[in-house]
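Asks: My questions all concern the structure below.
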Amino acid sequence: MVVAEDHALLADGLTRLLTAHGFDVVELVDNGPRLAPALLEHRPDVSVIDVRLPPTFTDEGLRAVIEARARIPGLPVLVLSQYVEQLYARELMRDRAGGVGYLLKDRVSNIAEFVESLHRVASGGTAMDPDVITQLLGGQRSRLDELTPREQEVLALMAEGRSNSAIAAALYVTDKAVDKHSNNVFRKLGLTQSSDDNRRVLAVLAYLNG
């Protein structure tokens with residue numbers, strides 16, 4: 001695993017937490033220019049990346065990730081930041097290769113869920129904070145107009161990385177109902193020729209791209 005975080009205390013705490021949960025941190029990066037080379041060199045199973053890194057503290061982290069994923073499609077990365085950088089976040093999702101997460105630091109309150117999100121991203125899935133989803137949508141939903149309100153709710157919860165059982169519990173419906181809505185989503189988005197896991201990822205990325 002590669003960790004990109006310039007704040008020394010946060011970097012140390014995050015590294016200790018990850019190590020305690022079985023992750024091998026092979027490099028800790030504290031600046032933007034070093035990040036893409038580190039990702040390309042180590043090709044980690046998953047990485048945790050901050051958006052704003054030195055020298056400009058703007059969007060170096062995301063730009064480095066996009067550069068690395070352009071050369072290694074699907075390279076699993078979980079962005080952990082205080083900010084949602086909409087332009088580059090959309091660019092990160094656009095290749096639809098999966099293995100992408102975007103969580104907000106001040107909303108990560110459950111370590112077990114954070115670790116589970118990392119494993120999900122490492123396996124090619126998604127883990128998106130609801131606030132990130134809201135900002136990325138930006139009201140542009142033309143490609144998803146065919147979905148019913150309930151199907152959109154199911155897809156939004158998929159984007160958070162929830163299982164069908166968790167979606168059913170959140171919406172107070174049965175697992176069978178979630179299966180039905182999910183299949184309708186896949187059909188309407190033209191995702192009928194691949195495994196359910198892959199279709200979930202593609203549906204989520206279509207959703208986030210508006």
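Asks: Return the pairs, sorted by first residue and then second, in which the second residue is of a type in the set (F, W, Y) and assigned to a loop (DSSP other than H, G, I, E, B), the first residue lies in the range 48-72 and is closer than 13 Å to L87 by Cα and in the same structural domain as D24 (by TED's automatic domain parsing), the beta carbons are less than 8 Å apart, and the residues are 6+ apart or on different chains.
Replies: Listed by first residue and then by second, the contacts come to V51/Y83.
Asks: Still on this model: If you check every pair at least six apart or on different chains, which have Cβ atoms under 8 Å apart with a residue in the range 13-27 that is among the acidic types (D, E) first and a residue that is buried (at least 17 other Cβ atoms within 10 Å of the Cβ) second?
Replies: D24/M1; E27/V2; E27/V3; E27/A38
Asks: From (1) under 8 Å from the mean Cα position of the chain (by Cα); (2) part of a helix (DSSP H, G or I), pick out the condition that doesn't hold for D106.
Replies: (1)
Asks: Out of the residues in the range 22-40 that are charged (D, E, K, R) and outside any helix (DSSP H, G or I), which is farthest from V65 (Cα to Cα)?
Replies: Result: D24.
Asks: Could I ask something else about it? Every residue in the range 89-103 that is more than 12 Å from the chain's Cα centre (by Cα) and surrounded by 20 or more Cβ atoms within 10 Å (Cβ to Cβ), please.
Replies: If the condition is that a residue be more than 12 Å from the chain's Cα centre (by Cα) and surrounded by 20 or more Cβ atoms within 10 Å (Cβ to Cβ), then no residue fits.
Asks: I would also like to ask the following. Going residue by residue through the range 57-71, is there one that turns out to be part of a loop (DSSP other than H, G, I, E, B), among the β-branched types (V, I, T) and either surrounded by 14 or more Cβ atoms within 10 Å (Cβ to Cβ) or modelled with pLDDT under 95 (or both)?
Replies: Yes: the range 57-71 contains one or more residues that are part of a loop (DSSP other than H, G, I, E, B), among the β-branched types (V, I, T) and either surrounded by 14 or more Cβ atoms within 10 Å (Cβ to Cβ) or modelled with pLDDT under 95 (or both).
Asks: Identify all residues within the range 7-21 that are at pLDDT 95 or above and part of a loop (DSSP other than H, G, I, E, B); write none if there are none.
Replies: Scanning the range 7-21 gives a single hit, H21.
Asks: Further question: Considering only the range 82-94, how many residues are free of Cβ contacts under 8 Å to residues at least 60 places away in the same chain and under 18 Å from R120 (Cα atoms)?
Replies: Residues that pass the stated criteria total 1.
Asks: Now for a different question. Search the range 4-27 for residues being aliphatic (A, V, I, L, M) and touching a helix residue (DSSP H, G or I) at 6+ places or on another chain (Cβ under 6 Å), and hand back the single one that is farthest from K105 (Cα to Cα).
Replies: For the range 4-27, the residue satisfying everything is V26.
Asks: Residues to consider are L157, L78; find the one that is among the hydrophobic types (A, V, I, L, M, F, W, C), modelled with pLDDT of 85 or more, crowded, with 19+ Cβ neighbours inside 10 Å and closer than 24 Å to P37 by Cα.
Replies: L78
Asks: Please find, within the range 169-189, the residue that is modelled with the lowest pLDDT out of those that are of a type in the set (V, I, T) and crowded, with 17+ Cβ neighbours inside 10 Å.
Replies: Among those residues, the one meeting the criterion is V185.
Asks: I'd like to know if the range 104-122 contains one or more residues that are of a type outside the set (S, T, N, Q) and more than 26 Å from T19 (Cβ to Cβ).
Replies: There is no residue in the range 104-122 that is of a type outside the set (S, T, N, Q) and more than 26 Å from T19 (Cβ to Cβ).
Asks: Then there's this: Could you tell me how many of the residues in the range 18-48 are under 16 Å from S117 (Cβ atoms) and under 19 Å from the mean Cα position of the chain (by Cα)?
Replies: 7
The values are calculated or read from the model by the stated rules, or taken from the named source; none is laboratory data. Please read these numbers as outputs of a predicted model, since none were measured by experiment. Glycine gets a Cβ as well: all are built from the backbone with ideal geometry, and neighbour counts include every protein chain shown.
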